[in-house]
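The values are calculated or read from the model by the stated rules, or taken from the named source; none is laboratory data. Just so it is clear, the model here is predicted, and its values are computed rather than measured. For neighbour counting, all protein chains shown are included, and Cβ atoms are generated from backbone atoms with ideal geometry for every residue, glycine included. What goes into the accessible areas is simple: the full protein's heavy atoms, side chains included, and nothing from ligands, DNA or RNA. Shrake-Rupley method; radii C 1.70, N 1.55, O 1.52, S 1.80 Å.
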Number of protein chains: 2
Amino acid sequence: MNDTFLKVCRGEKVSYTPIWIMRQAGRYLPEYQEIRKRVDFLTLCKDPDLASEVTIQPVEILGVDAAILFSDILIPLEPMGIDLEFSEKIGPIINNPVRDKASFDNLLSYNPDDELDFVKKTIKNLKSNLKVPLIGFSGAPFTLATYLIEGGTSKNFINTKKLMYGDRVLFEEIMAKLTIMIHDYLLMQIKAGVDAIQIFDTWLGIVCPEYILKYILKYVNKLIDNIKSNSNVPIIYFPFNCSYILKQISGVSADVIGIDWRIYIDNASELMNNQKTIQGNLDPCVLFATRDIIKQNVEMVLNRGVACKGHIFNLGHGILPETPVDNVKYFVDIVHKLSQKGD
Amino acid sequence: MNDTFLKVCRGEKVSYTPIWIMRQAGRYLPEYQEIRKRVDFLTLCKDPDLASEVTIQPVEILGVDAAILFSDILIPLEPMGIDLEFSEKIGPIINNPVRDKASFDNLLSYNPDDELDFVKKTIKNLKSNLKVPLIGFSGAPFTLATYLIEGGTSKNFINTKKLMYGDRVLFEEIMAKLTIMIHDYLLMQIKAGVDAIQIFDTWLGIVCPEYILKYILKYVNKLIDNIKSNSNVPIIYFPFNCSYILKQISGVSADVIGIDWRIYIDNASELMNNQKTIQGNLDPCVLFATRDIIKQNVEMVLNRGVACKGHIFNLGHGILPETPVDNVKYFVDIVHKLSQKGD
């Protein structure tokens, strides 16, 4: 197995900078679109054969150094009694959002081994076919809480913040319950065979530092520490749009911190005392430009990335649906080529 | 005139912390909604009597220390030949966005004295009625460029970035033309009588530091330096969601830097060597909570704000439509009360 990605997660030296791409299995790929013509998004997530097929697509087409389980961060909410649908236009919709004690008390606990059996099957399927490491994932407690409370994506997250500021007891009860659920879900993925874990905290960046530090990061810490006491797979924590608070985030015991494009990667590493491997951080929109511009921006990130304890190349956010596939192939190749260490 | 706000802009000592609220004339006020029942948004912006009336409303109802001209950042784009409409559901729509050289060449130059006469009239109207300073404003070159290019608000700003990464010559031509237009528009406002200027850079935070530093901040600098050479009204620059890059932004010659709620106000001030008055920075969602929570958060911001060269209290973003008016009144009162210096 190509273990370059895992070595960099662990801070070991490697001969080139490994790369994978958030949402690398997705709509920009015609091969993915072909499958989506036949099945809807949720069906695809729950079918181990099809989910495996789209997970493998970018590894074969692009030559990335890791695969990531094809799924969605909202999948583990369903067995809690959440009525989830995906609208092509709006995105995810939760028809029974949790905004009060009564709806919180209705949330179910469940065993992911039973209720999310299809995830386990997909992972086992993939492990016998992949020649690169497989990344499992989950949303972080706060990010899942926003979907649960808002009932979908949001512009201003008013419901989440009404609860966070207005009923902190209930807010923390939600965070605590989600932390346990996510822990069990990730351990199930690890037992099934994933080689690393990424925890997406996509919406942490909407919160003021006071509340992040007092009421949110402690659940991230609890989650990661508990996983670490049961397993030694590398853990990537990706708090989107949080450059301003990376110093405090560096206390989290994840092996790798993912960053978006809003900060120079060497500055991010410095804020964390160069103690973490950094994953990132090209603006996904660069992939719409010419090869010259892509190369120039990749070179800049690679040169700055040398300062980090370790560097896993990635975009600063998920790849966008209409990104030209040829540019994506060029991107992966040029990262490999430019980062190759001479003999 | 109550000149506390202006004194703090200039870094002078005052006996309490002045406060105004972004979007303080707006939908959360029943008195504003009454007027909007009769006229649409664009008509309201262009009617000097009605625009004056809604500008004064929050001064009388809340007792804030400054008024801000009721208008919209897209108003000065219309005389450039932009077909602008406001949809209640979608927000602003520009029906002829600028994405290529041909549509850029079609943009008109104009004299704001003639084409935006209604703004001048509103300002003169207000100056004879207001007992607090009047803030004029404009969008910053980049933020206006995003609307011009996207044709409205956007999620990923793909068109803007396609141009920024893909055709930097045209991107910079747009930035340069907008910089001149904004300069002329703001000077017209100053000549008409505004006491201070705020430049909103609402979307700067979507850009990577490399491009902000090389291709965007120079236009902000040119704009502010040119205004400063013609006038001495204080200038507030508000780059939203840019906490990670405040150190570099502190080079801008604005008197005041506005910040959102994503960073502690004393940390922001420190990044700028405590050389700027800071405006901010309560999360607008705090105003949905109880008085206790509002007070607690105001106290925290005030206490940290003491470290700044000067502090103008504000929210970290515009006040939200459904904010309870009683809470807003309490907010203004408690800022005044808690910040009152003893004898």
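Side notes on the structure shown:
- Test for A:D255: is it under 21 Å from the mean Cα position of the chain (by Cα), open to solvent by 40 Å² or more (accessible area, probe 1.4 Å) and of a type in the set (D, E): yes
- So A:E172, is it away from chain B (no Cβ under 14 Å), surrounded by fewer than 21 Cβ atoms within 10 Å (Cβ to Cβ) and of a type in the set (D, E, K, R): yes
- Residue in region A:176-183 that is hydroxyl-bearing (S, T, Y), open to solvent by less than 20 Å² (accessible area, probe 1.4 Å) and farther than 22 Å from A:R262 by Cβ present: yes
- Conditions (1) over 27 Å from B:S109 (Cα atoms); (2) touching a residue at least 12 places away in the same chain (Cβ under 8 Å); (3) acidic (D, E): number failed by B:E210: (2)
- Among residues of region A:152-169, those that are within 27 Å of A:S87 (Cβ to Cβ) and open to solvent by less than 10 Å² (accessible area, probe 1.4 Å), counted: 5
- Every residue from region A:244-264 that is of a type outside the set (D, E), touching a Cys at 6+ places or on another chain (Cβ under 9 Å) and more than 11 Å from chain B (Cβ to nearest Cβ): A:I249, A:V256
- Only one of A:A268, A:A289 that is closer than 20 Å to B:C242 by Cβ and aliphatic (A, V, I, L, M): A:A268
- Close pairs from region B:270-293: first within 14 Å of another protein chain (Cβ to nearest Cβ) and surrounded by 14 or more Cβ atoms within 10 Å (Cβ to Cβ), partner in a loop (DSSP other than H, G, I, E, B) and of a type in the set (D, E, K, R), Cβ under 7 Å, at least 6 apart: B:G280/B:D260; B:N281/B:D260
- Filter pass, A:L74 being under 30 Å from A:L170 (Cβ atoms), open to solvent by less than 30 Å² (accessible area, probe 1.4 Å) and touching a Pro at 6+ places or on another chain (Cβ under 8 Å): yes
- 1 or more residues touching a Lys or Arg at 6+ places or on another chain (Cβ under 6 Å): qualifying helices (runs of 4 or more DSSP H) within region A:252-343: A:265-271, A:325-339
- Against the conditions (1) open to solvent by less than 10 Å² (accessible area, probe 1.4 Å); (2) closer than 30 Å to B:K121 by Cβ, B:I190 satisfies every one except (1).
Conditions (1) among the polar types (S, T, N, Q); (2) at pLDDT 95 or above; (3) buried (at least 19 other Cβ atoms within 10 Å of the Cβ); (4) closer than 26 Å to B:I236 by Cα, marked per residue:
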{"position": "B:L69", "(1), (2), (3), (4)": "no, yes, yes, yes"}
{"position": "B:F86", "(1), (2), (3), (4)": "no, no, no, no"}
{"position": "B:P97", "(1), (2), (3), (4)": "no, yes, no, no"}
{"position": "B:D117", "(1), (2), (3), (4)": "no, yes, no, yes"}
{"position": "B:L126", "(1), (2), (3), (4)": "no, yes, yes, yes"}
{"position": "B:L130", "(1), (2), (3), (4)": "no, yes, yes, yes"}
{"position": "B:P141", "(1), (2), (3), (4)": "no, yes, yes, yes"}
{"position": "B:A145", "(1), (2), (3), (4)": "no, yes, yes, yes"}
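- Candidates B:N303, B:N267: the one that is within 14 Å of chain A (Cβ to nearest Cβ), closer than 25 Å to B:Q248 by Cβ and open to solvent by 10 Å² or more (accessible area, probe 1.4 Å) is B:N267.
- Hits in region A:59-77 (condition: part of a helix (DSSP H, G or I) and touching a residue at least 24 places away in the same chain (Cβ under 8 Å)): A:V59, A:I61, A:L62, A:I75, A:P76, A:L77
- Any hit, region B:214-237, residues being within 14 Å of another protein chain (Cβ to nearest Cβ), open to solvent by 10 Å² or more (accessible area, probe 1.4 Å), touching a Phe, Trp or Tyr at 6+ places or on another chain (Cβ under 9 Å) and part of a helix (DSSP H, G or I): yes
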